[in-house]
Amino acid sequence: MLNKNSLKIVLIYLAFGLSWITLSDNVLSAMVKDPDKYALMQTYKGWFFIVCTAIMLFVLTNKAIKNIEKLDNDLGIKDSFIDQMFEGNQTAVVLWDVDGRINRVNSYFTEVFGYECGEVKGKHCAELLVADKDICKKRINAVLDKGQVVRTETLVFDKSGSEKIIEWNDNLFKEEGKNPIIVSFGMDVTEKREYENELRYLAYHDRLTGLKNRYKLEKDLKKLIKNDRLFSLFYIDLCDFKQFNDAFGHKYGDLLLKKIAETLLHNYNEDILYRWQGDEFIIISDFVEQRDIMFEADRVTKMLNGKCNINNSLVSNSVSVGIVSYPEHGENADELLKNADIAINKSIELSQPTIFDYSMQMEVQKFVTIKNLLERAIENDEFNFNFQPIYNIKTKEIKDLEILLRWNSEEIGDISPVDFIDVAEKTNIILKLDKWVIDHAFKFIKENSNILKDISVSINVSAKTFKSFEFVVIAEEKLKEYDIKPEKIKFEITEHSIVDDLNGALVIMNALKDLGFMTALDDFGTKYSSLNYLAKLPFDYIKIDKSYVDYIIDDDKQRNVVKQLIQLSHELGIKTIAEGVENINQENMLSSLDCDYGQGYYFSRPVNEEKLFLLLNDKK
């Protein structure tokens, strides 16, 4: 190729030479006529031309040389800059041909991969840069096809054999007359991807147990439902976990949860296990037949119930299991989980694995309705009292009146005490309700003191109210407010109120005794029936449950139990009241056994206030 600078010099020289020859001869002929002088002047003209052209050539060639030197210097700087960029780049740079052979790598490449430059030059990329041999060929084809930057991410092994994840940017460079080369810039994103994977894992897994979490469960349920796959969901709840946490601390509580998770993982594939929340776990199962479901629920219960080793201490554990099936118990994830929650609550209530059915949903709706109406009913005084007399078996006189609460709702009419008291006891509303009862019972005694005279009034107290610090305070305040004799009041306390904390119960009962109130142990024999209560707690009365009274005529063993109980109570200075007396034979038998008082339909059904006063007047 013709060099432009050389051509420029030649053209300038040619133009100057032709111009000089043409002009100088004409000028010289016109000025010099003498032939001898003319010949001499031609000589001088030739020397002058040589000097001028020499100067001109010097100037032009010097300028060209300087330009070449400058260009060469610029190219050197450029090459130096490129080398610095190549070597100083904080990415692994690889130059390789379209056959996959490596021509050159930078120093950062050697840091990342552990190879020296000489070890990789001439090697095929499939030998070094990828764990999958086909990836190299795909990268070359991609960059050749697109002719632009192609981004890929590959798993590679360094010289030591460690895995690395490299993100490559492959560029194709073409230069006329030369073979194209591929320049690849690689970033080690191993830590970044590991961090992203950890975040992804934590997004779908519970930190404590390692099981899949609530968010993952919801996604998996939606996927199963979308694919119309039949399945059952086992909802597992640890019984009394809050009490365990309170007793041993959250550290031990976490250890127990991890132990439960380990047991589940030992028996099931991790893909079907979830920690729903708190102390609740979920298993997704293919079982859909009721027999198979109950067999599996029984297996889960046996697996998780019993004692487990927590930090070298044996602790007892038990679980409840509620079950729902798709699509029988819900057509979407929200409905299934809602019904599973209903089933687990029923399981806790029944103390056995429970499959959801829609009657439970009706119960929940009824529960919610009553709960929403209860507090307003207390504020509006929608409650009233019925009274069931307690008779002296020997004299047939009314000794006591047990107050029985009744509710006629303004919205839905009469509501059974079984229903609304159950709702109140499962919520903190029971505290307000008991306070209402105590207030109105004291008021009733005050307003009817002339009629009641020696007759006392029995008030049932819930376990929650009995255990609360407010109970004794409220009783003392109402005693002062209504200015009545404390011996007119008998608080009936169930075994459930005292079984958890005998010492605490003793403190409360002594406080009631100090104020002058009487106490009765209600429904004795229905639950724990420990005679320890009679010996340690200062009860004035014990109420023998109807379940004993029903069989005192025909069952010798039951009769002997009642007989021994009455005798023991009398020896401890406690009077006895038989509940559920329904006929004269039972009354006579109780009288022969020396029972003090009787209560039941034989004597009187519960009556309202108006009928009570008629009854009291008749007895007079």
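The values are calculated or read from the model by the stated rules, or taken from the named source; none is laboratory data. Quick caveat, the model's predicted, so the values are computed rather than measured. Positions of Cβ are backbone-derived with ideal geometry, glycine not excepted, and every protein chain shown enters the neighbour counts. The protein model used for the area step is the full one, side chains on, heavy atoms only, and it has no ligands, DNA or RNA in it. Shrake-Rupley method; radii C 1.70, N 1.55, O 1.52, S 1.80 Å.
Take Leu350 and decide whether it is under 30 Å from Ile282 (Cα atoms) and open to solvent by less than 20 Å² (accessible area, probe 1.4 Å).
So Leu350 fails the test.
Does the range 597-607 contain any residue that is more than 22 Å from Leu401 (Cα to Cα) and open to solvent by 70 Å² or more (accessible area, probe 1.4 Å)?
No, the conditions are met nowhere in the range 597-607.
What pairs come up if the first residue lies in the range 301-312 and is among the basic types (Lys, Arg), the second is not in a helix (DSSP H, G or I), and their beta carbons are under 8 Å apart, counting only those six or more places apart or on different chains?
From the range 301-312, the pairs are Lys307/Leu314; Lys307/Val315; Lys307/Ser316; Lys307/Asn317.
Of all residues in the range 316-341, which are within 30 Å of Leu255 (Cβ to Cβ) and assigned to a helix (DSSP H, G or I)?
Leu337, Ala340, Asp341
For the subset of the range 353-381 comprising residues that are in contact with a helix residue (DSSP H, G or I) (Cβ under 9 Å, 6 or more places away or on another chain) and among the basic types (Lys, Arg), which member is nearest to Val321 (Cα to Cα)?
Within the range 353-381, the match that is nearest to Val321 (Cα to Cα) is Lys366.
For every residue, the table says whether it meets (1) within 22 Å of Glu196 (Cα to Cα); (2) at pLDDT below 80; (3) of a type in the set (Gly, Ala, Ser); (4) open to solvent by less than 40 Å² (accessible area, probe 1.4 Å).
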{"residue": "Val143", "(1), (2), (3), (4)": "no, yes, no, yes"}
{"residue": "Gly147", "(1), (2), (3), (4)": "no, yes, yes, no"}
{"residue": "Gly161", "(1), (2), (3), (4)": "no, yes, yes, no"}
{"residue": "Ile166", "(1), (2), (3), (4)": "yes, no, no, yes"}
{"residue": "Asn171", "(1), (2), (3), (4)": "no, no, no, yes"}
{"residue": "Glu176", "(1), (2), (3), (4)": "no, yes, no, no"}
{"residue": "Ile181", "(1), (2), (3), (4)": "no, no, no, no"}
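Within the set of pairs 6+ apart or on separate chains, which have a first residue in the range 313-327 that is within 14 Å of Phe295 (Cα to Cα), a second that is in a loop (DSSP other than H, G, I, E, B) and open to solvent by less than 10 Å² (accessible area, probe 1.4 Å), and C-beta atoms under 8 Å apart?
Partner pairs satisfying both residue conditions: Gly322/Phe356; Ile323/Phe356.
Based on this model, can you work out whether Glu289 counts as charged (D, E, K, R) and in contact (Cβ under 8 Å) with a residue 40 or more places away in the chain?
Numbers: charged (D, E, K, R): yes; in contact (Cβ under 8 Å) with a residue 40 or more places away in the chain: no.
Taking the combined requirement at face value, the residue does not satisfy it.
Go through (1) open to solvent by less than 70 Å² (accessible area, probe 1.4 Å); (2) in a strand (DSSP E or B); (3) among the aliphatic types (A, V, I, L, M) and name the single condition Met187 misses.
(1) is the only condition that Met187 fails.
Per-residue answers, yes or no, for (1) more than 20 Å from Ser497 (Cα to Cα); (2) open to solvent by less than 50 Å² (accessible area, probe 1.4 Å); (3) outside any helix (DSSP H, G or I):
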| position | (1), (2), (3) |
| --- | --- |
| Ile542 | no, yes, yes |
| Tyr548 | yes, yes, no |
| Gln558 | yes, yes, no |
| Gln564 | yes, no, no |
| His570 | yes, no, no |
| Glu587 | yes, yes, no |
| Cys595 | yes, yes, yes |
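Being in contact (Cβ under 8 Å) with a residue 40 or more places away in the chain, assigned to a helix (DSSP H, G or I), of a type outside the set (Val, Ile, Thr) and open to solvent by 10 Å² or more (accessible area, probe 1.4 Å), is that true of even one residue in the range 454-462?
Looking for residues that are in contact (Cβ under 8 Å) with a residue 40 or more places away in the chain, assigned to a helix (DSSP H, G or I), of a type outside the set (Val, Ile, Thr) and open to solvent by 10 Å² or more (accessible area, probe 1.4 Å), one finds none in the range 454-462, hence no.
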